[in-house]
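Data block below; observations after.
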Amino acid sequence: EPEVTQTPSHQVTQMGQEVILRCVPISNHLYFYWYRQILGQKVEFLVSFYNNEISEKSEIFDDQFSVERPDGSNFTLKIRSTKLEDSAMYFCASSEMISPGANVLTFGAGSRLTVL
Amino acid sequence: DQQVKQNSPSLSVQEGRISILNCDYTNSMFDYFLWYKKYPAEGPTFLISISSIKDKNEDGRFTVFLNKSAKHLSLHIVPSQPGDSAVYFCAASARNQGGKLIFGQGTELSVKP
């Protein structure tokens, strides 16, 4: 079964450092997403991406965050200068978006980011 | 702004019995609802969905019920199995919001043998 793969599974970084989280979406999917889950809290939308540009972003997705599809397979989330509160599990997801009214996202296993 | 709420953080059920997980929403523009299941150290996995034009959708042991007037949906699992033990997330989307999913806080289901 096709799956979304994410790397690294766990990254530990110092506050202020840049972090890049990588994702390989399902090959025939055209819509890509990043979500995050702070420990014990709900899964929160960060950003959606289609046709090489951001479709929508949440208030969380400030200037410290950026996304990119550098080639035909990878989708990356960059945090320029990490803060302690960026510590969370980051989930990448992709979808075919058959219809905005019936959009099923397939999620990766997540990348755990720990900021010290 | 909690548009999707799961008020029970945990639920414990005996194997073979019915598990009922509940979810409430506030945004009347939501027109598609999904349940995801999540095991530790894994991403959420799609389980079942329902469109707002329906009030019930069934898939094997899993049934989702939607009550639009009450802005409430529930997931029934029957019979419950120990392998169903996981965190269950309710999610919703609106056609005019680009298909992004808004998640509830999750309910941790424990099915005891």
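The values are calculated or read from the model by the stated rules, or taken from the named source; none is laboratory data. None of the values given here were measured: they were computed from a predicted structure. Note that each Cβ is placed from the backbone with ideal geometry, even for glycine, and that neighbours are counted across all protein chains shown.
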How many residues of the stretch B:1-21 are assigned to a strand (DSSP E or B) and free of Cβ contacts under 8 Å to residues at least 60 places away in the same chain? The answer is 1
So, first residue more than 7 Å from every other protein chain (Cβ to nearest Cβ) and in a loop (DSSP other than H, G, I, E, B) in the stretch B:93-109, second residue acidic (Asp, Glu) and surrounded by fewer than 22 Cβ atoms within 10 Å (Cβ to Cβ), Cβ within less than 7 Å, six or more apart or across chains; the pairs are B:Ala94/B:Asp31
The lone condition A:Phe107 fails out of (1) within 10 Å of chain B (Cβ to nearest Cβ); (2) out of contact with any Pro (no Cβ under 6 Å at 6 or more places or on another chain) is (2)
Going through (1) crowded, with 21+ Cβ neighbours inside 10 Å; (2) touching a Phe, Trp or Tyr at 6+ places or on another chain (Cβ under 7 Å); (3) modelled with pLDDT of 95 or more one by one, B:Val111 fails only at (2)
Taking the stretch B:40-62 and the residues there that are within 11 Å of another protein chain (Cβ to nearest Cβ) and part of a loop (DSSP other than H, G, I, E, B), the one that is farthest from A:His10 (Cα to Cα) would be B:Ile53
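For the stretch B:53-76, enumerate the residues that are of a type in the set (A, V, I, L, M, F, W, C), more than 10 Å from B:Trp35 (Cβ to Cβ) and at pLDDT 95 or above. Lay out the reasoning, then the answer.
Going through the stretch B:53-76, the residues of a type in the set (A, V, I, L, M, F, W, C) turn out to be B:53, B:62, B:64-66, B:70, B:73, B:75.
Now drop any that are not more than 10 Å from B:Trp35 (Cβ to Cβ), which leaves B:53, B:65-66, B:70.
Of everything in the stretch B:53-76, those that are of a type in the set (A, V, I, L, M, F, W, C), more than 10 Å from B:Trp35 (Cβ to Cβ) and at pLDDT 95 or above turn out to be B:Phe65, B:Leu66, B:Ala70.
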Kindly evaluate B:Lys37 against the criterion of being away from chain A (no Cβ under 14 Å), modelled with pLDDT of 95 or more and either over 21 Å from B:Ile18 (Cβ atoms) or surrounded by 18 or more Cβ atoms within 10 Å (Cβ to Cβ) (or both).
no
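For the structure I just gave you, tell me whether A:Thr76 is surrounded by 14 or more Cβ atoms within 10 Å (Cβ to Cβ) and not in a strand (DSSP E or B). Give the steps one after another, and end with the answer.
On the way: surrounded by 14 or more Cβ atoms within 10 Å (Cβ to Cβ): yes; not in a strand (DSSP E or B): no.
For A:Thr76, the condition - surrounded by 14 or more Cβ atoms within 10 Å (Cβ to Cβ) and not in a strand (DSSP E or B) - is not met.
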Condition set within 11 Å of chain B (Cβ to nearest Cβ) and under 10 Å from the mean Cα position of the chain (by Cα), scope the stretch A:50-102, selection nearest to A:Phe32 (Cα to Cα): answer is A:Ala93
